[in-house]
Each structure stands twice: as structure tokens, then as C-alpha cells.
1. Applying the Karplus parametrisation 6.51 cos²θ - 1.76 cosθ + 1.60 with θ = phi - 60° to the phi angles of segment 146-155, what ³J(HN,Hα) value in whole Hz is obtained for each residue in order, glycine and proline being reported as x?
2. Between 35, 25, 53, whose Cα lies farthest towards the positive end of the dipole of segment 1-61 when Lys and Arg beta carbons carry +1 and Asp and Glu beta carbons carry -1, centred on the Cα centre?
3. Given a 1.4 angstrom probe, I'd like the percentage of the accessible area of segment 9-63 that is carbon and sulfur, rounded to a whole number.
Amino acid sequence: MRERRAAQERRRAREFEAFVAGAAGRLLHAATLLTAEPGDRPAPAAERLLTVALARTYAVWDRLRGEDPYDRARQEMAAHYAHSAWRHRLPRALLPGAGPPAGGLLERLTPQERLVLVLRLCEGVAEEQTAAQLGLPAERVHALCLRAVGQMRSKPPAGRTGLTGAAAP
């Protein structure tokens, strides 16, 4: 009995390690976009977000038969971000006393806009699925996505460039 249980645990660990090896890079990229940390430097908040998502996915690994583990990990990451993003109501660039921008690609967006934009455009999740996952009407998700895209296309605030956060000449 113990041998069979130990063999199951080893198989479970191997399967999960293979999943992490294949999916962690893409999930870390999505987490980095969500946290608006620059992609060219270490991103501790994104790494914490990814670690929580992977831990929660591993906890239910045996019950995922037939379900895509990447989708589950992405859902866990989005849910954890949505529940913890209340601490960051304003975009970092707009916080009072904030120094120069950190340089994250989506730092000008609110956390909710970031989440919708990453799920919809980077991860390719359908509007209805995004709405169901976030507990919002599909029309609200559509409006958030349009507003976020419009904000990204608009001219950045004075003294900043769009992607690097460096001062304008």
C-alpha cells in the first residue's frame, strides 16, 4: 500500500515538474504584465504571483484529469491577482510621491484593466470566459478592454515615453 502511494506521489511530482518546465515562462510573462514590473529586471511580485498560482494548481493536480492545467494555473493567477489588486487601486505612475516609473509595459493601467487586457489579448481568453471568471458582465469586460487599449495607444504623460518609462528629450 505504501509503495503504491509513493509511486503515485512520484508520478504526480514528475507530471507537475514537466508542466512547470513547459508553462512557467509564459505564466511568468503574464504575471509580469499583471504586476506592471519591467520585464528586463527581476520581478519579485510577479514571481510571488506565479508561485501562488502554481502551488494552488499543484494542490488540485490529481483532480485535473481532463482539464488543461495551464488554464487552471492561469485562472488561479488571475483570481489571486484580482483579490490582491485592491491594494493597488491607482496605476503606479499616478500614485502621489511616486518616483520615476518602474518601466512596466502596462503600468499606466489600473489593475482591473491590466487583468482584462492580459487575459483577453495576451492569453486569448474569450470575452465571455473572462467575464465569468471575474464576475463581471461581458459588456463591462468589453468596455475595460477597449479603454485599456485606447490608453495604451494614447500619448504617454508628459516627460515619459510609452514603453521604457525614460524621460522624453
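1. 4, 5, 5, 5, x, 5, 5, 7, 6, 5
2. Value: 53.
3. Values: 1750 of 3030 Å².
On segment 9-63, the fraction of accessible area on carbon and sulfur atoms equals 58 percent.
The values are calculated or read from the model by the stated rules, or taken from the named source; none is laboratory data. As the structure is a prediction and not an experimental result, all values here were calculated from the model. Counting neighbours? That spans all protein chains shown, and the Cβs are built from the backbone with ideal geometry, glycine included. Just so you know, the surface numbers come from the protein's heavy atoms only, side chains and all, with ligands and any DNA or RNA stripped out. Shrake-Rupley method; radii C 1.70, N 1.55, O 1.52, S 1.80 Å.
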